[in-house]
Amino acid sequence: MSKVAIKGAATGTGVFTLESPATNTDRTLVLPDEAGTVLTTAGVPSSAMPAGSVLQVAQDVLTTQIASNTGSTLVDIGLQVQLTPSAASNKFLVSGNVFVSSDYLNMSHALILQRSIGGGSFSDVGIGTSGGLGYGVTAWWAKTSANTSTDGWQLTFEYLDSPSTTSTVDYRIMARAYSGYMYINRNNRNNHATFDLYPISTITVKEIAA
């Protein structure tokens, strides 16, 4: 017959006690025929979660209205999330959702995802370069029609990032207005209240178990 062995750790001074409940009924606990971690009411440790599991989630919500016409300069719009991964092999699924509009004909603007590790400087999140041109995680839009009071777009992106660290990671969304004004959380004439519409923008980051 197979055997059951209880083995104490070589280090540590804590005493673990196996205690039965107050019952008059006989019970049998059948151990699974596999290695693993016993789940308790204290929760499942992140190290025991299967690959693809969401370990933690953080979100930042922007309700402020922004108007920018800084040309090619990147502008911090105030959407930022900070998380500390539980393992260097884990990944972060980053989702952005930003309401934008413009007052200019034949314009083009962009949103750019940036990342900072361990409190260091921010840099564009991308997949490398080709011919000196960067390929970052970007939401881009262009406008060629005449202005109206209700112009607006909900720009979204989603990217699975691998920072390969256990240090704190910050993600933020930057904006770039190439021509004319770029508006965030408002339409180009700021009359959204007429329609009882008050847009918001968000960034959501989920840690995914490797």
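The values are calculated or read from the model by the stated rules, or taken from the named source; none is laboratory data. Here the structure is a predicted model, which is why all the values come from computation and not from measurement. Don't worry about glycine lacking a Cβ; one is built from the backbone with ideal geometry, like all the others, and counts go over all protein chains shown.
Structure values in brief
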{"read-out": "Selection count, segment 73-97, where residues are buried (at least 18 other Cβ atoms within 10 Å of the Cβ) and more than 23 Å from Ser162 (Cα to Cα)", "value": "1"}
{"read-out": "Qualifying residues in segment 98-131 (those that are at pLDDT 85 or above and among the polar types (S, T, N, Q)) - the one surrounded by the most Cβ atoms within 10 Å (Cβ to Cβ)", "value": "Gln114"}
{"read-out": "Every pair of residues 6+ apart whose Cβ atoms lie under 7 Å, when the first sits in segment 20-49 and is within 24 Å of Ala210 (Cα to Cα) while the second is polar (S, T, N, Q)", "value": "Pro45/Thr37; Ser46/Ser86; Ala48/Thr37"}
{"read-out": "Qualifying positions in segment 1-57 - under 30 Å from Leu83 (Cβ atoms), out of contact with any strand residue (DSSP E or B) (no Cβ under 9 Å at 6 or more places or on another chain) and of a type outside the set (Gly, Ala, Ser)", "value": "Thr37, Val38, Leu39, Thr40, Thr41, Val44, Pro45, Pro50"}
{"read-out": "Count - residues of segment 67-79 that are in contact with a Ser or Thr (Cβ under 9 Å, 6 or more places away or on another chain) and either at pLDDT below 95 or more than 22 Å from Asn187 (Cβ to Cβ) (or both)", "value": "4"}
